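Novice: Here it is: the structure, laid out below.
The values are calculated or read from the model by the stated rules, or taken from the named source; none is laboratory data. On a predicted model such as this, the values are computed, not experimentally measured, just so you know. Glycine also receives a Cβ, built like all others from the backbone with ideal geometry; neighbour counts cover every protein chain displayed. These accessible areas exclude ligands, DNA and RNA; they are computed on the full protein's heavy atoms, side chains included. Shrake-Rupley method; radii C 1.70, N 1.55, O 1.52, S 1.80 Å.
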Amino acid sequence: KVLYLVSQTILGLDLASKTGWAHSNGNGGVIDLRNKEKDWGRMAAKFHCEIKYIIETCPPDRIIAELPPNQLMGAARMILLGLHWQARGLAYEYSIPFSNVAVPTLKKWATGSGKADKKDMIRAACDLGWQQPLDDNHADAILICKWGEQCFQELDE
């Protein structure tokens, strides 16, 4: 019996009105969901189409999203919770395991401090030498993806 360490392909999502995404295959970017009408339905429809396309183009073994912080209020809370449920729904639709990572956990993993700021997180993403982050949302998605690759490995026979 021989055991091999097999890494899972991860789709990392930093959910926001500008959603960052990064896939283990090296693709990534930012999905800008904002619209002049501030129509959350339009945001939801665009998010659904974009994430569905990413999943169908290169199916990941697991989807990991940053867990929306408990203290969020107002529109930000509604948007993040809505996107989180939608991402979970798409994972379910495609039978892809879905996991969360808490913001302080990701910050501590990436920088050594659970209180890192956006600049620290962008620097940590750049230091990986993998994808050049387009903004702080993409940087977080890169770090989520790499955190997931490290944390979710399978032993295969």
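Novice: For a quick check of your reading of the model, give me the residue pairs whose first member lies in segment 76-103 and is open to solvent by 40 Å² or more (accessible area, probe 1.4 Å), whose second is charged (D, E, K, R) and assigned to a helix (DSSP H, G or I), with beta-carbon atoms closer than 9 Å and at least 6 apart or on different chains.
Specialist: Pairs found: Glu93/Lys52; Tyr94/Lys52; Tyr94/Glu56.
Novice: Keeping to segment 124-157, report how many residues are charged (D, E, K, R) and either touching a Phe, Trp or Tyr at 6+ places or on another chain (Cβ under 6 Å) or without any contact (Cβ under 8 Å) to a residue 12 or more places away in the chain (or both). Give the steps one after another, and end with the answer.
Specialist: Pass one, segment 124-157, residues charged (D, E, K, R): 127, 135-136, 140, 146, 149, 154, 156-157.
Retained after the next criterion (residues that are either touching a Phe, Trp or Tyr at 6+ places or on another chain (Cβ under 6 Å) or without any contact (Cβ under 8 Å) to a residue 12 or more places away in the chain (or both)): 127, 156.
Total meeting the criteria: 2.
Novice: Within segment 118-136, count every residue that is of a type outside the set (Val, Ile, Thr) and open to solvent by less than 80 Å² (accessible area, probe 1.4 Å).
Specialist: Residues meeting the conditions: 12.
Novice: Here is a further query. Given the options Ala65, Ala87, Ala124, Ala141, name the one that is at negative phi and touching a Gly at 6+ places or on another chain (Cβ under 7 Å). Walk me through how you get there before you give the answer.
Specialist: Numbers: Ala65 fails: touching a Gly at 6+ places or on another chain (Cβ under 7 Å); Ala87 fails: touching a Gly at 6+ places or on another chain (Cβ under 7 Å); Ala124 fails: touching a Gly at 6+ places or on another chain (Cβ under 7 Å).
Ala141 is the lone residue from the list that is at negative phi and touching a Gly at 6+ places or on another chain (Cβ under 7 Å).
Novice: Quick check on Ala76: is it touching a helix residue (DSSP H, G or I) at 6+ places or on another chain (Cβ under 9 Å) and of a type in the set (Gly, Ala, Ser)? Steps first, please.
Specialist: Working: touching a helix residue (DSSP H, G or I) at 6+ places or on another chain (Cβ under 9 Å): no; of a type in the set (Gly, Ala, Ser): yes.
Considered against the rule, which asks whether it is touching a helix residue (DSSP H, G or I) at 6+ places or on another chain (Cβ under 9 Å) and of a type in the set (Gly, Ala, Ser), Ala76 comes out as no.
Novice: In segment 75-89, is there at least one residue being in contact with a strand residue (DSSP E or B) (Cβ under 9 Å, 6 or more places away or on another chain) and either in a loop (DSSP other than H, G, I, E, B) or more than 30 Å from Ser7 (Cα to Cα) (or both)?
Specialist: No, segment 75-89 contains no residue that is in contact with a strand residue (DSSP E or B) (Cβ under 9 Å, 6 or more places away or on another chain) and either in a loop (DSSP other than H, G, I, E, B) or more than 30 Å from Ser7 (Cα to Cα) (or both).
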